[in-house]
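This report concerns only the one structure given below.
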Amino acid sequence: MSSINFKGKNAVWNHHLSVPYQILEKDKNLSPKGNNENENLIIEADNLIALKSLLPKYQGQIKCIYIDPPYNIGNGGWTYNDKVNSPLIKEWLGRTVNKEDLTKHDKWLCMMTPRLKLLQELLISDGLIFISIDDNELHRLKQLMDEIFSEDNFISTLCVVTNPGGRDYGGIALTHEYVLVYRNSKESNPNEISKGEKYNFPYKDRLGGFEVRELRNRNIRFNINNRPNLFYPFFINPEVKDDNGFYSISLKKSETHFKEILPKKSQGIQTVWRWGKEKADKYLNVNLVGRIKNDGDFQIVEKYRKETKMIKSFLNDSEYVTERGTEALKEIFNGESIFDYPKSVALIKVLLEIGSDTDSIILDSFAGSGTTAQAVLELNKKDKGNRKFILVQLPEEIEKDKPAYKAGFRYIHEITRERVKRVIERDKLGVGFSYMRLGPKIDADSILSGSLPTYKEFAKYVYYLATGKTMDDEKSINEKDFFVGKIDGESVYLIYEKDKDRLKNLAITLDWADKINNKNNGKKIVYAPACFLDEEYLKKFNISFVSIPYNLFEKK
C-alpha cells in the first residue's frame, strides 16, 4: 500500500474526526430566490469546518468534486490555521508559508490531509475528484491521494496547457499545469465527452452517421500463436459496393465473396484483428464492412457511430488557458481584472462533463472566484441539465492596492457570490442559491463539557440533521413541548434543556409519550439523552428515538 511520511502526519491523520459540527445558517438577504435555491449553496467559511458541517446531509451524495488548492509555490499565498491538538502544529498557526520555510511541504500536506479525508466521505461511491496542481506539490499530492483514495483508484494525471507563452522557471518556459483524477471506487470511470455540436459524421447509412476505424490491431503486434482467436480471414466481392463505396464481407468463401483478406504484416510480424470471430460475425455488414484504401489494398473497417469520445490526457485547447479565465471574469465585472489567475470556464466544464451526470451535485471547496458555479450553470444551459453546485470560500481579505478592493470588494467570498449572481442574471436562468454562514458549534464534546447551546440553537441543528435543510421559520419551535417542527408529515422533537445536571435526567418517559401522542398521533422523531420505553411502546406511540449526544450526528 502506498504511503507518504511528513511532519505532523500522526497529528492530522484523524483530525477531521475531531472537527466540530456547526450549523449552516442561511443569510436570506444574500440568497437570490429561484430554481434549486436550497440545493445550490455558497458557504462563507473555512472549508475544513464547512465540509464537516455538510456531512449530515451530503455524506456519500456528491458525484463530482473539483478543487484548486494553493499550489504552495512559496509566495506567501496561504497561512496554516488548523487548530490541531499538537505542540508542533500549534507553533505553525497563523504563520504565512513562504519560500524560506523549511517545513512548507509538511504544512501543505497537513492542511490537505483532513480536507481530502472529508471530501472522500462526501463523494458518492461512483464519484470522481479532480485536483488542479503544479510541479511544486504534484508528486506529494499524488502520494497522499494514493494513500487516502487508494492507488487503485488513480485514473490519470491530465496535463493542461494554461500558458502557451510560458513562464520562466529556471531557464525553461513552463506552459502547463496538471489535474489529478481519482475515483472513489472501481464503480466509476469518466464519461466520454461530446465530439462537439458542429461535428458531422463523414458517412451515413440507414442506421445514421458513422466514421470508420480499421479493424486491424495496428498498435500492438501479436504473434498469431499467442492470439489465434484474433487471426482469421474475411472474404469480399471486389465488384460490388454500396453508395458510400463500402463492400459487403463474409467469414465464409462463396461465389459472391471470394477474395480473402487477412490482417497485414508489419515489419515482418503478423498482426491480428481487434475483434474475435464471434463478434465479427455478429456485426458483419452492419458495423463491419470492407473498403479499398488509396494505395489499392483492401481493408476491413468498423463503422464507428459514437457521438462521444474519450478525453485525452494532454489538454491544449486554446479555451483552457488561464487568459480565457481572466477574460471571462472581466466580462462579468465590466472590464475589471479583480481576481488573479482564475481557471478557464471551458476547462472546468469539460471536467464536469466527464465527472458528472445531468442531475449531479458538484462541490468545490476552494471556490476562489466561483468558476465552478459558472461552469455548472453554463453546462446546465447547454444540455438542459439540473446539476447543483456547492461552493466553499474562506473570507480572505483582499489587499488594498488590488483592483478588486478598489472595485468595492473587501473579501474574496464577496467576489464568489457576486459572480454567480451576475451569471444567473446575464443568462436569465431563473436559478437561485442559498448563501450560508457557520452557526454555533454543536458537538458531543461541548455538550459533555458543559458548553451547552440554547434550546433554539440545538433545535435548529436537529432540524438540519433530520432534513439536511436549514430552518427558515423558527416560529415552529416550542421549547415547552420540546417540539422542533414538521418534515414531510413527520414531527421532530428534542428533549433537551440548557442545564447539564437536568440534561442527565431527561428522557422519553411513558407519561411524556402518552401526552404528546394525544396531541399528535402521527410519526415522530424524538432526539433525547435517553429513552425509558421499550420497542413495543415506541411502536405504539409512533416514535423513532435518536440518542444524544453520542448519536447526535447520525442522520435518520
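Looking across region 158-207, the residues that are within 20 Å of Lys117 (Cα to Cα) and surrounded by 12 or more Cβ atoms within 10 Å (Cβ to Cβ) come down to Val179, Leu180, Val181, Tyr182, Arg183, Asn184, Ser185, Ser188.
From the list Leu88, Leu17, Leu93, which one is out of contact with any helix residue (DSSP H, G or I) (no Cβ under 9 Å at 6 or more places or on another chain), surrounded by fewer than 16 Cβ atoms within 10 Å (Cβ to Cβ) and among the aliphatic types (A, V, I, L, M)? If you could, list the steps in order and put the result at the bottom.
On the way: Leu88 fails: out of contact with any helix residue (DSSP H, G or I) (no Cβ under 9 Å at 6 or more places or on another chain); Leu17 fails: out of contact with any helix residue (DSSP H, G or I) (no Cβ under 9 Å at 6 or more places or on another chain).
So the residue among Leu88, Leu17, Leu93 that is out of contact with any helix residue (DSSP H, G or I) (no Cβ under 9 Å at 6 or more places or on another chain), surrounded by fewer than 16 Cβ atoms within 10 Å (Cβ to Cβ) and among the aliphatic types (A, V, I, L, M) is Leu93.
Looking at region 424-437, is at least one residue buried (at least 17 other Cβ atoms within 10 Å of the Cβ), modelled with pLDDT of 95 or more and among the β-branched types (Val, Ile, Thr)? So far as region 424-437 goes, yes, one or more of its residues are buried (at least 17 other Cβ atoms within 10 Å of the Cβ), modelled with pLDDT of 95 or more and among the β-branched types (Val, Ile, Thr). Listed by position, the helices (runs of 4 or more DSSP H) enclosed by region 1-110 that each have at least 2 residues that are closer than 30 Å to Val350 by Cβ are 47-58. Per the listing Lys384, Lys421, Lys402, the residue uniquely basic (Lys, Arg) and under 26 Å from Asn81 (Cα atoms) is Lys402.
Please find, among Lys523, Lys475, Lys519, Lys556, the residue that is out of contact with any Gly (no Cβ under 9 Å at 6 or more places or on another chain), of a type in the set (Lys, Arg) and at pLDDT 85 or above.
Lys519
Residues that are touching a residue at least 24 places away in the same chain (Cβ under 8 Å) and either touching a Ser or Thr at 6+ places or on another chain (Cβ under 8 Å) or exposed (fewer than 13 other Cβ atoms within 10 Å of the Cβ) (or both) within region 318-334 comprise Ser318, Glu319, Tyr320, Val321, Thr322, Gly325, Ala328, Leu329, listed in sequence order. Consider region 241-265 and keep the residues that are assigned to a strand (DSSP E or B) and modelled with pLDDT of 90 or more. The one that is nearest to Glu211 (Cα to Cα) is Tyr247.
Within region 390-410, residues that are more than 18 Å from Thr96 (Cβ to Cβ) sit with their Cβ atoms under 8 Å from residues that are of a type outside the set (A, V, I, L, M) and loosely packed, with under 15 Cβ neighbours inside 10 Å, at 6+ positions apart or across chains, in these pairs: Tyr405/Glu399; Arg410/Glu397. Cβ separations smaller than 9 Å between residues 6+ apart or across chains give the following pairs from region 96-120 residues that are more than 22 Å from Tyr66 (Cα to Cα) to residues that are assigned to a loop (DSSP other than H, G, I, E, B) and of a type in the set (Val, Ile, Thr): Val97/Thr103; Lys99/Ile73. Somewhere in region 187-203, is a residue touching a residue at least 60 places away in the same chain (Cβ under 8 Å) and in contact with a His (Cβ under 9 Å, 6 or more places away or on another chain)? No - not one qualifying residue is present in region 187-203. The condition (being of a type outside the set (D, E, K, R) and buried (at least 24 other Cβ atoms within 10 Å of the Cβ)) is satisfied by just one residue among Leu379, Leu315, Leu391: Leu391.
Rundown of residues vs (1) closer than 22 Å to Ala367 by Cβ; (2) modelled with pLDDT of 90 or more, yes/no style:
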position	(1), (2)
Val12	no, yes
Leu93	no, no
Asn98	no, no
Pro114	yes, yes
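Evaluation of Phe130 against the conditions (1) crowded, with 16+ Cβ neighbours inside 10 Å; (2) part of a helix (DSSP H, G or I) shows that the sole unmet condition is (2). Within region 22-50, the set of residues being under 14 Å from Leu391 (Cα atoms) and either out of contact with any strand residue (DSSP E or B) (no Cβ under 7 Å at 6 or more places or on another chain) or not assigned by TED's automatic domain parsing to the domain that holds His413 (or both) comprises Asp46, Leu48.
For Lys293, state whether it is modelled with pLDDT under 95, farther than 21 Å from Arg422 by Cα, surrounded by fewer than 22 Cβ atoms within 10 Å (Cβ to Cβ) and of a type outside the set (Ser, Thr, Tyr). Criteria met by Lys293. Looking at region 311-320, is at least one residue out of contact with any Lys or Arg (no Cβ under 7 Å at 6 or more places or on another chain), in a strand (DSSP E or B) and basic (Lys, Arg)? Looking through region 311-320, none of the residues is out of contact with any Lys or Arg (no Cβ under 7 Å at 6 or more places or on another chain), in a strand (DSSP E or B) and basic (Lys, Arg). Answer yes or no as to whether Tyr320 is in contact with an Asp or Glu (Cβ under 6 Å, 6 or more places away or on another chain) and hydroxyl-bearing (Ser, Thr, Tyr). It is false that Tyr320 is in contact with an Asp or Glu (Cβ under 6 Å, 6 or more places away or on another chain) and hydroxyl-bearing (Ser, Thr, Tyr). Kindly list the number of the only condition in (1) modelled with pLDDT of 90 or more; (2) under 33 Å from the mean Cα position of the chain (by Cα) that fails for Ser547. With (1) modelled with pLDDT of 90 or more; (2) under 33 Å from the mean Cα position of the chain (by Cα) applied to Ser547, the lone miss is (1).
Screening Ala280 against (1) of a type outside the set (D, E, K, R); (2) at pLDDT below 90; (3) assigned to a helix (DSSP H, G or I) leaves a single unmet condition, (2).
So which of Lys349, Lys382 ends up being basic (Lys, Arg) and modelled with pLDDT of 95 or more? Give the derivation first.
Details: Lys382 fails: modelled with pLDDT of 95 or more.
Only one candidate qualifies: Lys349.
Among the residues of region 458-470, at least one is under 40 Å from the mean Cα position of the chain (by Cα), under 24 Å from Gln59 (Cα atoms), in a loop (DSSP other than H, G, I, E, B) and basic (Lys, Arg).
Determine whether region 21-35 contains at least one residue that is surrounded by 21 or more Cβ atoms within 10 Å (Cβ to Cβ), more than 16 Å from the chain's Cα centre (by Cα) and of a type in the set (Val, Ile, Thr). There is at least one residue in region 21-35 that is surrounded by 21 or more Cβ atoms within 10 Å (Cβ to Cβ), more than 16 Å from the chain's Cα centre (by Cα) and of a type in the set (Val, Ile, Thr). The residue that is farthest from Arg216 (Cα to Cα), counting only those in region 246-273 that are crowded, with 18+ Cβ neighbours inside 10 Å and out of contact with any Pro (no Cβ under 9 Å at 6 or more places or on another chain), is His257.
The values are calculated or read from the model by the stated rules, or taken from the named source; none is laboratory data. These numbers were taken from a predicted model, which means no experiment stands behind them. Cβ coordinates were reconstructed from backbone atoms using ideal geometry, including for glycine residues, and neighbour counts include every protein chain displayed.
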